[in-house]
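A short reminder: the numbers here are calculations on the coordinates, not readings from a lab. Nothing here was measured: the structure is a model prediction, and the numbers come from that model. Cβ coordinates were reconstructed from backbone atoms using ideal geometry, including for glycine residues, and neighbour counts include every protein chain displayed.
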Amino acid sequence: MAFQFVRVLWNDAWMDATEPKTVADIAAEHKPLVVESFGWLIIDDAEGVSLASERYLDTNEHDVFRAKTFIPRAMIRPNGITPVNLTKKRAKKLLKKLTADATPAPPAVPHPGKE
């Protein structure tokens, strides 16, 4: 079975420390925390989505997943599930950039008569 790698944008509940707050402070923070999660989309149904950020094959060539996240459907933002393209072309381009960034430039060669 092929699994799509996706980005999910969703509203998370949160809690802060027990420090005193005024009503104005509370009103200013009265909104969900918008979270961006990435992973292989395992289940997408009326209950919500299950993602996994790690995937490998077991000895019988079955997909096995770790680092799972469940996000309730009501918390997913409108149009909040977006496929992410994992292409070899992009990986090659990134590797080339990382290699270029990690390679020091050769020392400048002085020209005779110029300082």
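In table form, for the structure just shown:
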| item | result |
| --- | --- |
| Order of LYS31, LYS21 under a 10 Å beta carbon neighbour criterion, fewest first | LYS31, LYS21 |
| Net length gained if the chain between PHE38 and ARG77 were fully extended (0.36 nm per residue, minus Cα distance) | 12.6 nm |
| For segment 9-73, alpha-carbon Rg and Dmax in angstrom | 17.6, 58 |
